[in-house]
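Novice: Sharing a structure below in structure tokens format, with a few things to ask.
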Amino acid sequence: MNLPTIVGVYGGGRMGAGIAHAFLLAGAGVTVVEADPDAVAAARGRVESSLAAAAARGTLAEAPESVAARLTVTTDTSALAAAGLVVEAVPEIAELKATVLGRIEKEAPDAVVATNTSSLSIDGLAAQLTRPGTFLGLHFFNPVPASGLVEIVVGGRTDAAVVAEAQRWVAALDKTAITVTDSPGFASSRLGVAIALEAMRMLEDGVASAEDIDAAMTLGYKHPMGPLRTTDVVGLDVRLAIAEHLAREVGPRFEPPAILRAKIAEGHFGRKTGRGFYTW
């Protein structure tokens, strides 16, 4: 196995559970850290449900119970001490991520530390760490088990050996790595958000329905999912946060459309709330 024996994941939400699933599937032991006992139970449930679904699809080589036996979910951050890699997967809030990354660095002094951010500056987060050379971005995509891509984001102080190791780890997950330098939105978020925001403007202007705008991309350009449906899956609130960040860093072409703000004000965040650009 070309992976650390133990991989830590800090945060067991949808993304964190998916990341845990991917490393479990590749044979690693995984320790997930969550905030409280209720969150621990919910995180374990997400991973176990994901493994059961993989078994039903025939993509699990072992019984799901055998894979789940390599999973630990806890509130105790000291459980990360044995990890060779820890991936932070908490919400996209810079202050929260900085706090969590500092905690990880303290509890796992020998680990490579990665953030799953989709837009925040790696160098900005690294500035508050004592070992910036062993810190980088590992941007996984939702749903992690089905996605074939991981974006490796290299900070200005990330060691070249750590980047090479991360590339080997991604290959061991049977995924493809793209390696990008730290820049606003990296490659994937910048491109994905640009398309999604234009799709929202088209819907706002009455150019076509959400279904037809998405069909233009799925049938015309072979995208697996249209930009509006993808926004629902990612979360409208997540898209808004990334767009606002890019508007500040890159320019007004990333200014969020009024339709996005309006839907969020109405409590429609996409699939997780049952309504977004679609009804789920």
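Novice: Going through the range 10-27 one residue at a time, which ones are assigned to a loop (DSSP other than H, G, I, E, B) and either surrounded by 24 or more Cβ atoms within 10 Å (Cβ to Cβ) or touching a Gly at 6+ places or on another chain (Cβ under 7 Å) (or both)?
Specialist: G11, G12
Novice: Write out, first by first residue and then by second, each pair whose Cβ atoms fall under 7 Å of each other, whose residues are 6+ apart or on separate chains, and whose first residue, in the range 8-20, is closer than 17 Å to A53 by Cα while the second is among the aromatic types (F, W, Y) and open to solvent by less than 10 Å² (accessible area, probe 1.4 Å).
Specialist: Cβ pairs passing all conditions: M15/F140; G18/F140; I19/F140.
Novice: If you scan the range 33-58, which residues turn out to be buried (at least 17 other Cβ atoms within 10 Å of the Cβ) and of a type in the set (K, R)?
Specialist: Passing the criteria: R44, R46.
Novice: Using the structure shown, decide if G267 is closer than 25 Å to M15 by Cβ, in contact with a strand residue (DSSP E or B) (Cβ under 9 Å, 6 or more places away or on another chain) and open to solvent by less than 20 Å² (accessible area, probe 1.4 Å).
Specialist: Here the answer is no, as G267 does not meet what is asked.
Novice: May I pose another question? Right, S66: open to solvent by 50 Å² or more (accessible area, probe 1.4 Å) and of a type outside the set (A, V, I, L, M, F, W, C) or not?
Specialist: Here the answer is yes, as S66 does meet what is asked.
Residues checked against (1) within 30 Å of P4 (Cα to Cα); (2) more than 16 Å from the chain's Cα centre (by Cα):
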{"site": "R168", "(1), (2)": "yes, yes"}
{"site": "L173", "(1), (2)": "yes, no"}
{"site": "T181", "(1), (2)": "yes, yes"}
{"site": "A187", "(1), (2)": "yes, no"}
{"site": "R190", "(1), (2)": "no, no"}
{"site": "V193", "(1), (2)": "no, no"}
{"site": "A196", "(1), (2)": "no, yes"}
{"site": "A216", "(1), (2)": "no, yes"}
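Novice: Then there is this: For S78, only one of the following conditions fails: (1) under 19 Å from the mean Cα position of the chain (by Cα); (2) without any contact (Cβ under 8 Å) to a residue 40 or more places away in the chain. What is its number?
Specialist: (1)
Novice: From the set of residues in the range 236-263 that are part of a loop (DSSP other than H, G, I, E, B) and touching a helix residue (DSSP H, G or I) at 6+ places or on another chain (Cβ under 6 Å), which is farthest from D182 (Cα to Cα)?
Specialist: P257
Novice: Surrounded by 23 or more Cβ atoms within 10 Å (Cβ to Cβ), charged (D, E, K, R), free of Cβ contacts under 8 Å to residues at least 40 places away in the same chain and over 21 Å from R46 (Cα atoms): which single residue out of K97, K106 fits that description?
Specialist: Just one listed residue meets the conditions, K97.
Novice: Taking V7 and the conditions (1) of a type outside the set (D, E); (2) in a strand (DSSP E or B); (3) open to solvent by 10 Å² or more (accessible area, probe 1.4 Å), which numbered condition does it fall short on, given that it satisfies the others?
Specialist: The number of the failed condition is (3).
The values are calculated or read from the model by the stated rules, or taken from the named source; none is laboratory data. Keep in mind it's a predicted model, so treat the numbers as computed, not measured. A quick note on method: Cβ atoms are made from the backbone with ideal geometry, for glycine too, and the neighbour counts reach across all protein chains shown. Areas reflect the complete protein model, heavy atoms only, side chains present, ligands, DNA and RNA absent. Shrake-Rupley method; radii C 1.70, N 1.55, O 1.52, S 1.80 Å.
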